[in-house]
Structures are given as C-alpha cells and as structure tokens.
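Please treat every number below as a calculation from the coordinates, not as lab data. Predicted model only: the values in this text are computed from it and were never measured. Neighbour counts are summed over all protein chains in view; Cβ atoms, including those assigned to glycine, are modelled from backbone coordinates with ideal geometry.
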Amino acid sequence: MGIEQEKIEPRRDLPGSYSKIWSLDLSKDPKAAILLNVAAFPLFFLFGWIFLEVASHLKPGFMSRFHFGLLTAQPVGFFLIVLAVIIGVMVFHEAIHGAFFWIFTGSKPVFGLKLLFAYAGAPEWYIPRNQYAFIGIAPFVVITLLGFLVILVASDPAGQLALFGITMNASGAVGDFYVSGKVTSQSRETLVQDTGVGFTMFAKLDSIIEMRGSKREGGIDDER
C-alpha cells in the first residue's frame, strides 16, 4: 500500500520552495493574442465537421435542410440572432470559468473584456495543476454537452443555431487548450496564477532541477 500523496489546495501565498517556470501575458503580448485568434479559424471548420457528424448520428435528418430563410427575408434580424448567439456563448464561456474559480477558491473571480478576447481570472490565487486544467476545459465540455442536448430536444432551426454556437465556443477555446496543455505537462505540484489576461506557472525547485536533469540526459539543452 503506497504512501498517500499530500492533497494540494488553492492558496493565496506562494511557497518559498516554488519558482516561476513559464508565463504568458496576452495584454502585453498582442502577437500571442493574434496568433491564438488566427489558430481559432481552422479549428472552427475542424470542430464544425466533427460536431456536424455527431449531430447527424444523434438526430438523423437534422441537417436535411438549412433554416436560413431569415437570411434573405430579414438579413438584419438574422445578423442580430447570430450576434446574440456569439455574445451569449462568449459570456456563458467566461461565466463557467468564473464559476469554477469561485468553487475552488471560495472567492469571486474577476471578469473583463479586451479588444481580442474576454476573460475571467483569479489573480490573488495560486491554483494546483489539476484544478486549473479542469477550470480551463470546463466551458468547452459544458457548452458542448448543452449544445447537443438542445440539438436533440429543440426544433431544427434552434438546433442549427446551437451547432453554430458550440462550434464557435470550441474554436474560441484555443487559448484554454493551449494553456491547459502547458499546465498538464508539468508535475502535479505545479501552481498557476491566472490574472485573466496573464498566466504564470510555478513549480517546486526540486521538480525544476529534476526536469532539467532529465532533459540533459535525453540530449536536450534547455538553456535559453
């Protein structure tokens, strides 16, 4: 019977045994923000194809015809509906992030809007790797599942709008995927501080030394 690992909880103070290993601040690095938005474009078509295949199996005939008659009859109304879906999904996405920040830390998160992105964060907290990765992918999972539920139970026009919404959400989650991937590649003791526009990872000094030693043994020099 192995030794039970110490439970790691969110905390307001950074332990002295921790050091910064990676950071990204989208407010100070517009190039990174632009690249993430560009990366979302091909993801829109990839997720659109995947979700369309899933929806067609769950509800045969769902896409037998497009219900876009409003586009020609009332183009302004159609535009407003699509815009409402985009804004609604964006707000719901950040609300889910915020809800889980609140659940894990017990404190209200911060919300904001920049030119290229909206955000939620918990700047006063250092959050463990596993919890942070969960917060990162939660909006993708929750909104995707709810979208497919709408497709199953609602009318085809509403379902098609839901399909568009979950596709927009999935492609817009490219930053969440990127940061969550960086976090999960680190040791379980890693802590993350999320200001909403910036992400900083901290690891135990012994973990950093061990990781660098492993890279050198593998013939990789990580010196910058």
Can you flag which of Lys59/Lys182; Lys59/Lys108; Lys28/Lys108; Lys7/Lys28; Lys7/Lys182 are past 31 Å Cα-Cα?
-> Lys59/Lys182; Lys59/Lys108; Lys7/Lys28
Just the number, please: Stokes-Einstein D of the range 87-128 in µm²/s, Kirkwood Rh from C-alpha pairs, 20 °C, 1.002 mPa s.
-> 201
Extension reserve of the Phe92-Leu145 stretch, reckoned as 0.36 nm per residue once the Cα distance is removed | 17.7 nm
Given labels modelled 7 Å from the Cα in the Cβ direction, how far is it in nm from Arg12 to Ser155?
-> 5.2
